[in-house]
Amino acid sequence: MPDCQPPAVGTAGMRFASYAGKCRQETDMRDRLPGHGLGLPVVMPYRPDACAAASHEIATHQRIAQKVAQLLGRRLQDPPEDLVQWRAAYGAAGGSPYYVPFDTLEVAVATALGIHGVPDLFGGVVPQAFVATKVITHPVWSPDAAAPAGWCRTMGGLIEDVVLPGYSAFAVADARRAGRLLLREGRGRVKAPMDKGGLGQQVIRDAHALDACLVPLEDTLATTGVVLERDMDHVRTCSVGQIILDGVCLSYHGTQCLTPDNTGGMVYGGSSLQVVRGDFDAVLRLPLDPQTRRAVVQACRYHQTAQECYPGLYASRCNYDVLQGETAGGVWQSGVLEQSWRVGGATGAELAAFAYLREHPEVGQVRAVTCEIYGRAAASTPVPRDAVIYFDGDDGSVGPLLKYARVETDAGP
């Protein structure tokens, strides 16, 4: 598991100002590129529904799109007000944007943007919106339980042995019944399907707590659903994932850590990834310990089954969180928590690994990390000189926050 405290190297002073200046410099250079018109290939960030996102999420997404553009040798193009008209003109000029969406896209939206497959975006496309959320990880509690149109009722049974015990529900009555079934074996966890970074979750110990959690969800349950899942002790969260960028496939395994945010709550604090060239099979050829190997195998099963159960799903960036720990009864379990087919917390590390491996063709694997630090430490922490900073400032929603990524060239597998 990565240490959430970064190495004490680099210089903290004037960090934010120098980062902002670097961004301005890169933007100025981009604008001076020859062929700035429609014919030059572009990378376009796409976030039409991100108005409710925290400013650090939007800034990080913009910086990731900028980094992707740099790696692809393209200029960054913010979406114009009339995207349809711009696309028509751009297509007529023989161009095709490469998109970096803020969220996983529905196929109808992707098609309208001119996205038709993995080479067209850094992210993923799903046939229905719910497929991009946590709800597909678990079945509904009975064959007659409510479910959205397009729901695959067989997926839950196919991946039952690679996920933790749990249910998804789209009606209050179903959630109550499923939750009571779960509570027979110990504590449960109620999870909002679309929340990120461990947010939107509550631990339940009895039916009263379950019912209280469901009250605020009554108006939205039919459209977003809710996840009810076994709660665990002494846990670690593994990450298994893959990116396909510029025709190159990299895959990885790793771990996540938690860190206190500015309210004292424990949130995502970073990832440490071992990144290799090739598909998931290349990860499985590494000398993995039994627990890590199980996490990779479980993620691969989830990955394959989701594609089989939901035709039309494709992704150039995928990440699977696998939780390993003990139940209240002391039984060790391992299971996939959720999928991410969009830009995520580990993306900075993924791109750092991509850049390093492209620059060093003789190297077969590398370790890359992301780090997120809150509070006073965010302003005073020295940042490694080789790190790429994705956010450094005072976010209006979460307060002071520092986010960066780097490659650890001195780390072994």
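None of the figures in this text is laboratory data; all of them are computed from the coordinates on show. Given the structure is predicted, the values throughout are model-derived calculations rather than measurements. Using ideal geometry, Cβ is built from the backbone for each residue, glycine included, and neighbour counts are taken over all protein chains shown.
Taking R0 as 25 Å, what's the FRET efficiency between ASP211 and ASP144 from their Cβ-Cβ distance, rounded to 0.05? Don't skip to the answer; put the middle values down first.
Values: r = 22 Å, r/R0 = 0.86.
With R0 = 25 Å, the Cβ-Cβ based efficiency is 0.70.
Mind checking which of THR347, GLY375, TYR320 is farthest towards the positive end of the stretch 311-413's charge dipole, using Cβ charges of +1 (Lys, Arg) and -1 (Asp, Glu) about the Cα centre?
Result: THR347, furthest along the dipole toward the positive end.
Give me HIS208, HIS360 ranked fewest to most by other Cβ atoms within 10 Å of their Cβ, as a rough exposure proxy.
Details: HIS208 9, HIS360 12.
With the fewest neighbours first, HIS208, HIS360 line up as HIS208, HIS360.
What is the packing order of peptides 336-346, 216-226, 301-311, taking the mean over residues of other C-beta atoms within 10 Å and listing the highest first?
Numbers: 336-346: 24.0, 216-226: 15.3, 301-311: 17.2.
Sorting 336-346, 216-226, 301-311 by mean packing, highest first, produces 336-346, 301-311, 216-226.
Only Lys, Arg, Asp and Glu count, each charged at its Cβ (+1, +1, -1, -1), so figure out the dipole size of the stretch 219-276 about its Cα centre, rounded to 20 debye. List each step's numbers first, then the result.
Numbers: 2 positive and 6 negative charges, 41 e Å.
With only Lys, Arg, Asp and Glu charged at Cβ, the dipole is about 200 debye.
At 0.36 nm per residue, and after removing the present C-alpha to C-alpha distance, how many nm does the segment from MET266 to HIS360 gain when stretched out fully?
Working: separation 94, 0.36 × 94 = 33.84 nm, distance 3.68 nm.
In short, 30.2 nm is gained.
Distance in nm between label sites at GLN304 and GLN333, each 7 Å beyond Cα in the beta-carbon direction?
So the two model labels end up 2.4 nm from each other.
Order of 379-385, 316-322 by packing, highest average Cβ count within 10 Å first?
Details: 379-385: 15.7, 316-322: 25.3.
Peptide ranking by packing, descending: 316-322, 379-385.
Relative to the compact-globule scaling 2.2 N^0.38 Å, provide the ratio for the alpha-carbon radius of gyration of the stretch 233-408. Working shown, then result.
Working: Rg = 16.8 Å, N = 176, 2.2 N^0.38 = 15.7 Å.
Ratio of Cα Rg to 2.2 N^0.38 Å: 1.07.
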